[in-house]
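Reading through the structure tokens given below for one structure.
The values are calculated or read from the model by the stated rules, or taken from the named source; none is laboratory data. Given the structure is predicted, the values throughout are model-derived calculations rather than measurements. Glycine also receives a Cβ, built like all others from the backbone with ideal geometry; neighbour counts cover every protein chain displayed.
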Amino acid sequence: MFGVWRVLTARPSVAEESRAPHALYGHVPPHEGYSTGRWLRELRAELARCAAAGLRPIVVGGTGLYFRALTEGLADIPEPSADLRAGLEARLALEGLAALARALHDADPDTAVRIDLANPRRVLRAWEVLEGTGLGLAAHHAATPPPLIALPDALPLRLTPDRAALYAACDARFDLMLEGGALDEAAAIAALDPPAGPQAMQALGAKDLIAHLRGTLSLDDARAHATQTTRNYAKRQLTWTRNQMSGWRTFEHGGAALEALVAEGLA
């Protein structure tokens with residue numbers, strides 16, 4: 001197990017993990033990349049273990065793309081070579097996201113209209129697939145196999161907390177994580193050899209904390225930027241899940257109705 005970003009990514013605590021078996025947390029070295037396809041392959045193995053042990057799996061998280069792939073299927077696309085990925089990262093740094101997104105729209109318009117062109121990871125992934133396989137993501141998705149878990153076979157729940165309460169939690173998040181040791185985590189990440197890869201550095205607040213440790217950002221400025229980034233991310237999540245997960249049971253404020261439904265579903 002890799003202990004980095006336990007605090008900053010709000011992983012389950014040791015006490016929480018002792019209450020039930022947990023899997024696929026903190027198991028990837030921070031210098032490695034990760035993909036939805038790899039997650040599905042690893043989840044398939046975990047689901048098989050659950051079935052063999054007579055356990056009912058509960059899949060949780062905040063990455064909507066993972067859940068869509070889980071319940072709608074995902075095309076089997078080969079992972080790109082390290083050289084291709086490095087070259088595209090360098091191209092992103094040199095040309096900028098907007099230029100890469102425009103070029104993608106020209107080269108693969110079917111994919112460009114289906115992804116978030118403001119997300120550099122999504123744009124880079126689209127280029128990786130196009131250059132690595134000769135086919136765009138949209139073409140691969142047209143040949144998508146059946147899902148690992150179809151929605152009718154699950155109890156799909158989507159939580160949409162009150163917007164004011166959600167933003168208040170975003171504002172409080174940074175200080176709570178500082179109290180929990182986030183600065184120590186950032187120092188450990190900054191000292192890694194090999195260094196953490198781009199995906200590991202996408203943890204909310206990671207770049208701000210490391211910039212503070214290196215003396216290029218005050219703690220107040222790090223807090224302000226990390227808080228705003230967290231709010232922006234939360235807003236995008238709400239929008240994405242509303243548009244992409246309409247078939248899920250939605251609970252705006254949780255409460256007794258949600259608890260009763262979960263109890264019924266798990267009975």
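Test of understanding: among Pro57, Pro29, which residue is closer than 23 Å to Leu159 by Cβ and either free of Cβ contacts under 8 Å to residues at least 12 places away in the same chain or surrounded by fewer than 16 Cβ atoms within 10 Å (Cβ to Cβ) (or both)? Break it down stepwise before answering.
Working: Pro29 fails: closer than 23 Å to Leu159 by Cβ.
Going through Pro57, Pro29 in turn, just one is closer than 23 Å to Leu159 by Cβ and either free of Cβ contacts under 8 Å to residues at least 12 places away in the same chain or surrounded by fewer than 16 Cβ atoms within 10 Å (Cβ to Cβ) (or both): Pro57.
Every condition in (1) surrounded by fewer than 12 Cβ atoms within 10 Å (Cβ to Cβ); (2) among the small types (Gly, Ala, Ser); (3) touching a His at 6+ places or on another chain (Cβ under 6 Å) is met by Ala48 except one, and the failing one is (3). The lone criterion from (1) in contact with a Lys or Arg (Cβ under 7 Å, 6 or more places away or on another chain); (2) under 30 Å from Ala260 (Cβ atoms) left unmet by Met201 is number (2). Would you please name the residue that is modelled with the lowest pLDDT, looking only at residues in segment 235-259 that are within 20 Å of Pro152 (Cβ to Cβ) and among the aromatic types (Phe, Trp, Tyr)? If we take residues in segment 235-259 being within 20 Å of Pro152 (Cβ to Cβ) and among the aromatic types (Phe, Trp, Tyr), then Phe251 is modelled with the lowest pLDDT.
Condition check ((1) closer than 22 Å to Glu42 by Cα; (2) assigned to a helix (DSSP H, G or I)) across all residues:
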residue: Pro145; (1), (2): yes, no
residue: Ile149; (1), (2): yes, no
residue: Arg158; (1), (2): no, no
residue: Ala165; (1), (2): no, yes
residue: Cys170; (1), (2): no, yes
residue: Phe174; (1), (2): no, yes
residue: Leu183; (1), (2): no, yes
residue: Ala188; (1), (2): no, yes
residue: Leu192; (1), (2): no, no
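Residues that are exposed (fewer than 14 other Cβ atoms within 10 Å of the Cβ) and under 28 Å from Thr144 (Cβ atoms): does segment 64-77 have at least one? First the steps, then the outcome.
Quick first cut of segment 64-77, residues exposed (fewer than 14 other Cβ atoms within 10 Å of the Cβ) only: 76.
Applying the additional criterion that residues be under 28 Å from Thr144 (Cβ atoms) yields 76.
Scanning segment 64-77, I find at least one residue that is exposed (fewer than 14 other Cβ atoms within 10 Å of the Cβ) and under 28 Å from Thr144 (Cβ atoms), so the answer is yes.
Filtering Leu47, Leu40 for residues that are of a type in the set (A, V, I, L, M), out of contact with any strand residue (DSSP E or B) (no Cβ under 9 Å at 6 or more places or on another chain) and closer than 28 Å to Gly134 by Cα leaves a single hit, Leu40.
Answer yes if at least one residue in segment 192-203 is among the polar types (S, T, N, Q) and either over 25 Å from Gly33 (Cα atoms) or in contact with a Cys (Cβ under 6 Å, 6 or more places away or on another chain) (or both), and no otherwise.
Of the residues in segment 192-203, the ones among the polar types (S, T, N, Q) are 199, 202.
If we keep only those that are either over 25 Å from Gly33 (Cα atoms) or in contact with a Cys (Cβ under 6 Å, 6 or more places away or on another chain) (or both) as well, we get none.
No, that holds for no residue.
Of the candidates Leu155, Leu159, Leu135, the single residue that is in contact with a Gly (Cβ under 8 Å, 6 or more places away or on another chain), surrounded by fewer than 18 Cβ atoms within 10 Å (Cβ to Cβ), over 23 Å from Gln228 (Cβ atoms) and at pLDDT below 95 is Leu155.
One residue is enough: does segment 60-72 have a residue meeting the conditions of a type in the set (D, E, K, R) and without any contact (Cβ under 8 Å) to a residue 24 or more places away in the chain? No, the conditions are met nowhere in segment 60-72.
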